[in-house]
Amino acid sequence: MTSRRGFLKAGGLALFGIGLGGVPAFIAEAAASVKKQELYKKKKVLVCIFQRGAMDGLMAVTPFTDEYLQAARPTLFMSAAKSSSSNPLIDLDGHFGLHPAMNAFEPLFRDKRLAIVHGIGSPNNTRSHFDAQDYMESGTPFNKGTSSGWLNRAVGLLGHDAATPFQGVSLTSAMPRSFYGDNPSVAISNLQDFTIQMRGNPAGANMAARSFEDLYDQTSSGLLKQTGKESFDAVKMLQKTDTKNYQPANNAVYPNTALGNSLKQIAQLIKMDVGMEVAFAESGGWDTHFNQGAATGIFARNVTDLSSSMVALWTDLGTYQDDVTVMTMTEFGRTVKQNGTGGTDHGRGSCNFILGNDVNGGLVHGNVQPLAVENLEDGRDLAVTTDFRSVFSEVADKHLKINNDHVLFPDWKGSKIGVMKST
């Protein structure tokens, strides 16, 4: 049976059924009894966004000079020539073009704060959404038995002067695979409701608040002082913050979407200095088998939401920008050739976006060969030329100063690609 001390230290808070006020009375009372201290120094924060469903990287960032791609996508191909369309691609470097619906990204790319990695993906060639997401979130693409997620391991490698349950926070209704593990992490579906699930524990919902209240009743004040103080202080910080009426800084405007609302709440947590080091959000709807659309349509709406939400977060952060790096990920890409229903099927390589002041930005990193059949993976897909672990590890190493790839990504012995600044 888990000890009271172990329960508290693990940060495994399970709070459910919370009404007006956000925090149960017994927790608020315990928190109020502790003198508020500045427990948590301002920390570096990594924000990860998972695009579930597999984003078409060739449409998000198009190698528009590739004649093979143009032939393979007669209705989906877009040009960067201003004379060819009212919505041409945004020419990034004479070869790659950014989808026009992502125009919010252009100033950040020109300012070298946004980097793109193309041809990124998993060395495991599965085209199963579930398996590919599991491999990417566990960080072990050939081992389904890994119990922890790579972001949870990242939290564990950071070292902490004061424990807080908010070191790893997922703005989702359920704990993502990335945060499974023994290190403190929580899933918060909405700060206003303040519903927190036990990290990586599906049975947590059945325990409800009663278990924590029983634990509190049985715990001496001395034990609380030693093991639970930081947790209660973090709860107190959230309780005293008016999350409902939060006003973003610098006139930032978040889209009224699931992703926009998640990133808005992540911004609030960053500014509250509750000790958050890794944040997670997700975006759905990227499985574009049918009627994908080009300048308009399903894909365009998705990339508008992604880019606008990320830029709103960045704008809102203001003076916190030096402390934050934002990185996207998606389980795989889409086929080079469009299908008969105006969409694209499950593929291999895609692209991702990395935003931050310590990013080697203004570049499209990676290796994308001409999309002739002989260069395609399995004769149909953009080849994976950059293992996702080489990018994820570099971002974690440079931004969070982890430098322990053996633990972060077991069995990986690859090299970095220079997506982060060397200093």
Any idea which of Asp316, Asp378, Asp358 is touching a Lys or Arg at 6+ places or on another chain (Cβ under 6 Å) and charged (D, E, K, R)?
-> Asp358
Read through the list (1) over 20 Å from Val324 (Cα atoms); (2) touching a helix residue (DSSP H, G or I) at 6+ places or on another chain (Cβ under 9 Å); (3) touching a residue at least 60 places away in the same chain (Cβ under 8 Å); (4) assigned to a loop (DSSP other than H, G, I, E, B), then give the number of the only condition that Ile402 fails.
-> (1)
Taking the range 279-303, which residues are surrounded by fewer than 19 Cβ atoms within 10 Å (Cβ to Cβ) and part of a helix (DSSP H, G or I)?
-> Ile298, Arg301
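One line per residue, one yes/no per condition, for (1) surrounded by fewer than 21 Cβ atoms within 10 Å (Cβ to Cβ); (2) farther than 18 Å from Val45 by Cβ; (3) at pLDDT 80 or above:
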| site | (1), (2), (3) |
| --- | --- |
| Asp214 | yes, yes, no |
| Asp217 | yes, yes, no |
| Ser221 | yes, yes, no |
| Pro248 | yes, no, yes |
| Asn256 | yes, yes, yes |
| Lys264 | no, no, yes |
| Gln268 | yes, no, yes |
Search result, residues across the range 74-108 that are assigned to a loop (DSSP other than H, G, I, E, B), surrounded by fewer than 20 Cβ atoms within 10 Å (Cβ to Cβ) and among the aliphatic types (A, V, I, L, M) | Ala81
Return yes or no: is Asn143 at pLDDT 95 or above, over 26 Å from Asp345 (Cβ atoms) and surrounded by fewer than 16 Cβ atoms within 10 Å (Cβ to Cβ)?
-> yes
Residue pairs qualifying under the 8 Å Cβ cut-off, at least six apart or on distinct chains, with the first in the range 406-417 being on the phi > 0 side of the Ramachandran plot and touching a residue at least 60 places away in the same chain (Cβ under 8 Å) and the second being in a loop (DSSP other than H, G, I, E, B) and surrounded by 14 or more Cβ atoms within 10 Å (Cβ to Cβ), are Asp411/Thr140
Among the residues of the range 366-394, which ones are assigned to a helix (DSSP H, G or I), surrounded by fewer than 24 Cβ atoms within 10 Å (Cβ to Cβ) and among the polar types (S, T, N, Q)?
-> Asn375, Ser390
Residues of the range 330-365 that turn out to be crowded, with 22+ Cβ neighbours inside 10 Å, part of a strand (DSSP E or B) and over 19 Å from the mean Cα position of the chain (by Cα), as a count | 2
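The values are calculated or read from the model by the stated rules, or taken from the named source; none is laboratory data. Since the model is a prediction, treat every value here as computed from it, not as a measurement. Virtual Cβ from ideal backbone geometry, glycine too; neighbours counted across all protein chains shown.
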